[in-house]
Amino acid sequence: MTNDIDRILYTEEQIYKRVKELAQEINDFFGNSPIVAVFVLKGSAFFASDLIRWLEMDVTMEFMSVSSYGLESVSSGKLSIKKDIDTDVAGKNVLIIEDIIDTGITLTTLKKLFQSRGAKTVKVVTMLSKPSRRLVEFEADFTGFEVPDAFVVGYGLDYADRYRNLPYIAALKRSVYEK
Ligand code: 5GP
C-alpha cells in the first residue's frame with residue numbers, strides 16, 4: 001500500500017495538532033450552544049470522530065452519505081442521498097463535517113439542503129480544501145489544510161476504497177489513478 005504513495009503531505013502529529021486547533025475555533029464560535037455534528041461518510045469518519053471529542057458543547061452525532069449530480073445539482077439543489085440523518089434539524093445548529101472540498105459542488109448543495117430543512121445555522125468544517133479546483137465559489141467556515149491539486153488519500157480518504165487506514169494524509173502516485 002505504501003508503495004503507491006508519492007509523498008506525505010501531513011503527518012499524524014501535524015493532523016493531531018491542527019484538529020485540536022480547529023476544535024478550539026469551533027468552541028469559540030458556538031460557545032455553549034448545542035450542535036448536530038453531521039459526519040459526511042465515509043471519508044470524514046476519522047477526522048469527525050477526532051474533532052468532536054475536543055468540542056465542549058452538547059454534540060449529537062449524525063451520519064450521512066451523499067453524492068452530487070455534478071454542476072446541475074448546484075442550481076437544482078438535487079443531491080443523491082444514499083443515507084440520510086435520523087433527526088429533524090429545524091431550529092438547530094448544524095455542523096457539517098467534510099473530508100475534502102474539491103469543486104465545491106457537494107457542499108454547496110448539502111448546505112442548501114440543511115438550510116431548506118430549517119436549521120438555525122449551518123456551518124461547514126473541512127479537513128482539507130483544494131481551492132485551485134473550485135467550479136463553484138465555496139468556502140468552508142473552518143478549514144484544516146489547503147492542499148495542492150493532487151489526489152490525496154489516508155486518514156479516512158480513499159481511492160477505490162483503499163488507503164483509508166493510512167494514519168497520515170498523502171498524495172497518491174499519478175500512475176495509480178491514471179492506469
Ligand atoms: P466536490 O467538492 O468536488 O463536490 O467533492 C468533494 C468530494 O470529492 C469529497 O468528499 C471526496 O469524496 C472527493 N474528492 C475530491 N478530491 C479528492 C481527493 O483528492 N482524494 C479523495 N480521496 N477524494 C477526493
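The values are calculated or read from the model by the stated rules, or taken from the named source; none is laboratory data. Keep in mind that what you see is a predicted model, and the values were worked out from it rather than measured. With ideal geometry, Cβ positions are generated from the backbone for all residues, glycine too; neighbour counts draw on all protein chains shown. Keep in mind that these areas ignore ligands, DNA and RNA; they rest on the heavy atoms of the full protein, side chains included. Shrake-Rupley method; radii C 1.70, N 1.55, O 1.52, S 1.80 Å.
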Subset of the stretch 127-163 [of a type in the set (Phe, Trp, Tyr) and within 11 Å of the ligand (Cβ to nearest atom)]: PHE138, PHE151, TYR155, TYR159, TYR163
Can you work out which of the residues in the stretch 164-176 that are farther than 11 Å from GLY43 by Cα and open to solvent by less than 70 Å² (accessible area, probe 1.4 Å) is farthest from the ligand (Cβ to nearest atom)? PRO167
When the residues of the stretch 37-87 are filtered to those that are under 20 Å from THR108 (Cα atoms) and among the acidic types (Asp, Glu), which remaining residue is modelled with the lowest pLDDT? GLU72
Can you confirm whether ARG18 is in a helix (DSSP H, G or I) and charged (D, E, K, R)? yes
Is it true that some residue in the stretch 8-16 is within 16 Å of the ligand (Cβ to nearest atom), without any contact (Cβ under 8 Å) to a residue 60 or more places away in the chain and of a type in the set (Phe, Trp, Tyr)? no
Per the filter on the stretch 112-126, residues within 12 Å of the chain's Cα centre (by Cα) and more than 10 Å from the ligand (Cβ to nearest atom) are LYS123, VAL124, VAL125
